[in-house]
Amino acid sequence: MAIRKIAVLGAGNGGCAASADLTLRGFEVRLFSRSESTIAKIAKHGEIELIEAGVSKKAAPYFMSPHLPPVVQGVDLVIVAAPSIAHEYLAKNLTSYLTDGQRILLNPGHTGGSLHFANLLNNLGCTADVKLCETVTLTYICRMPEPARVEIYRRTTNLRCAAFPGKHTAELVKEIQEVFPNVVPAENVLETGFSNINAIMHPAGMLGNAGWIEKTGGDFLYYREGITPAIAAWIEEIDRERLEIVRMLGLKPLRFVDIFHQAGLTSEDARASGSIYRAINESEPNKTIKSPPSLDHRYIKEDVGYGLVPMAEIGKLSGVKTPVMDALITLASSALGADFRRDGLTLEKMGLTGVKPDELPNVLASGF
């Protein structure tokens, strides 16, 4: 079944970029945000301005609303372009309105996102025959300098995509390629989840720059100035732990620098050097991006709770120790007065409680 009608859930950077781009390409796009003020600001303009390579175009989505039912009913594809901390809210509120044949794309799935989403739908009694998949990261490297105006710095290349259960990956990726031609199939949703570059680099960068962020309100270039050699060394250790888990899962071990380069985020010379410090500092699409204004930001709340926590949890399941990940989880919990180990994406929330390591491949391929 061809995809023509698309619901985009989330009106942030990625959601607005997708809404405008897909509208301009002829899809019927319905945009949702649970924030009435966010939708109102966009609706006031009546359209979204999309700026790419210095060219400005304007697109008016077919429909915009802070109410889910009219956005998702009757669409072919639901794109979830929202932070992973919103997945539970969206799954709970989608359950009654999903219908047979619809596809759901988590863009991105972060780490364990599809497992979490599918587990929620199952536990909530969703009876619709829907197919679920996720990408490694956002389709676009983009930012919104103001409401209804989004700038695309780059379209992510070689964007890996996998379904849960994995037996649907080939079929679903072929369909998603009609919408996003830059997606390519991945082995399973742990290959996509363990390629979560944000979780690998953001927590170390945020915690390593905590004083600078609090003192300046984030008035510095996050990647160019904030990722120093020492912080890059922390990221190297996180990547080493991640790769050890990936090997235990029987997946292809791709280094951070390789994933970063495949996504079009750094130079070939930086990739060849193997230096994470150089790869991040030579990231052309990220060069003008400033730091978040405070530690209370998705670079910690999402990338620790829904990035490092599920990685460390699956590491324990696989018998891999993750001391640096664990240290950053502890520091982040202390800095924000939170308990990310309890409130983040645990094995229980991913539906993996009691699953033995040798049973995991079958769960990933065939479902719960």
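Values computed for the structure shown
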| quantity | calculated |
| --- | --- |
| Tally, over segment 182-202, of residues that are touching a Gly at 6+ places or on another chain (Cβ under 8 Å) and open to solvent by 10 Å² or more (accessible area, probe 1.4 Å) | 3 |
| Test: residue in segment 330-339 that is in contact with an Asp or Glu (Cβ under 6 Å, 6 or more places away or on another chain), at pLDDT 95 or above, of a type in the set (S, T, N, Q) and open to solvent by 10 Å² or more (accessible area, probe 1.4 Å) | yes |
| Test: residue in segment 75-85 that is open to solvent by 60 Å² or more (accessible area, probe 1.4 Å), touching a residue at least 40 places away in the same chain (Cβ under 8 Å) and among the aliphatic types (A, V, I, L, M) | yes |
| Residue that is modelled with the lowest pLDDT, among those in segment 278-296 that are of a type outside the set (A, V, I, L, M), in contact with an Asp or Glu (Cβ under 9 Å, 6 or more places away or on another chain) and under 16 Å from Lys215 (Cα atoms) | Lys290 |
| Residue among Glu88, Glu171 that is open to solvent by 10 Å² or more (accessible area, probe 1.4 Å), within 30 Å of Ser291 (Cβ to Cβ) and in a helix (DSSP H, G or I) | Glu88 |
| Single condition Arg160 does not satisfy, out of (1) assigned to a helix (DSSP H, G or I); (2) buried (at least 22 other Cβ atoms within 10 Å of the Cβ) | (1) |
| Every residue from segment 64-85 that is in contact with a His (Cβ under 8 Å, 6 or more places away or on another chain) and assigned to a helix (DSSP H, G or I) | Ser84 |
| Considering residues of segment 241-260 that are open to solvent by 30 Å² or more (accessible area, probe 1.4 Å), part of a helix (DSSP H, G or I) and in contact (Cβ under 8 Å) with a residue 24 or more places away in the chain only, the residue farthest from His202 (Cα to Cα) | Met248 |
| Selection count, segment 42-62, where residues are of a type outside the set (A, V, I, L, M), closer than 24 Å to Arg103 by Cβ and surrounded by 15 or more Cβ atoms within 10 Å (Cβ to Cβ) | 1 |
| Number of the condition not met by Ser195 [criteria: (1) assigned to a loop (DSSP other than H, G, I, E, B); (2) within 24 Å of Asp21 (Cβ to Cβ); (3) at pLDDT 95 or above] | (3) |
| Residue list for segment 94-147, filter: surrounded by 18 or more Cβ atoms within 10 Å (Cβ to Cβ) and either of a type in the set (Asp, Glu) or without any contact (Cβ under 8 Å) to a residue 12 or more places away in the chain (or both) | Glu134 |
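The values are calculated or read from the model by the stated rules, or taken from the named source; none is laboratory data. Please read all numbers here as calculations on a predicted model, not as lab measurements. Reconstructed Cβ throughout: ideal geometry from the backbone, glycine too, with neighbour counts over all protein chains shown. The protein model used for the area step is the full one, side chains on, heavy atoms only, and it has no ligands, DNA or RNA in it. Shrake-Rupley method; radii C 1.70, N 1.55, O 1.52, S 1.80 Å.
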